[in-house]
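Novice: I'd like to ask some things about the structure below.
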Amino acid sequence: MMDCLDNPPTVPDLFEHAWSWFLDLNEQRQEMRRLSWSDMRAYFDFVGVRPSMWDVEIIQMLDRQFLEIMLNDDAETVSTAI
């Protein structure tokens, strides 16, 4: 998985703000669970931003992809260690 981090894709300008918000939210993640509405609301209240529903949907999509990758990577690590 780390090979893909050597040359990551660029984020289109249209999505850069949502990507930045996702990275901020992800950095504060306490456990491997989906970001809740409460997590997002607290974050956006804190930074003083009112995102569009489209922005929230993008963050949710990024969150689903992140968790899928991370949880599958953990499962593969466990299965190869046994």
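Read-outs throughout are calculated quantities, based only on the coordinates presented, and are distinct from any laboratory measurement. What you see is a predicted model; the values in this text were computed from it and never measured. Heads up, the Cβs are rebuilt from the backbone with ideal geometry, glycines too, and the neighbour counts pull from every protein chain shown.
Novice: Starting from 0.36 nm per residue, how many nanometres of slack lie between residue 65 and residue 31 once their C-alpha separation is accounted for?
Specialist: So the chain would gain 10.7 nm between residue 65 and residue 31.
Novice: Taking 35 Å as R0, compute the FRET efficiency from the Cβ-Cβ separation of residue 72 and residue 14 and round it to 0.05.
Specialist: Calculated value: 0.80.
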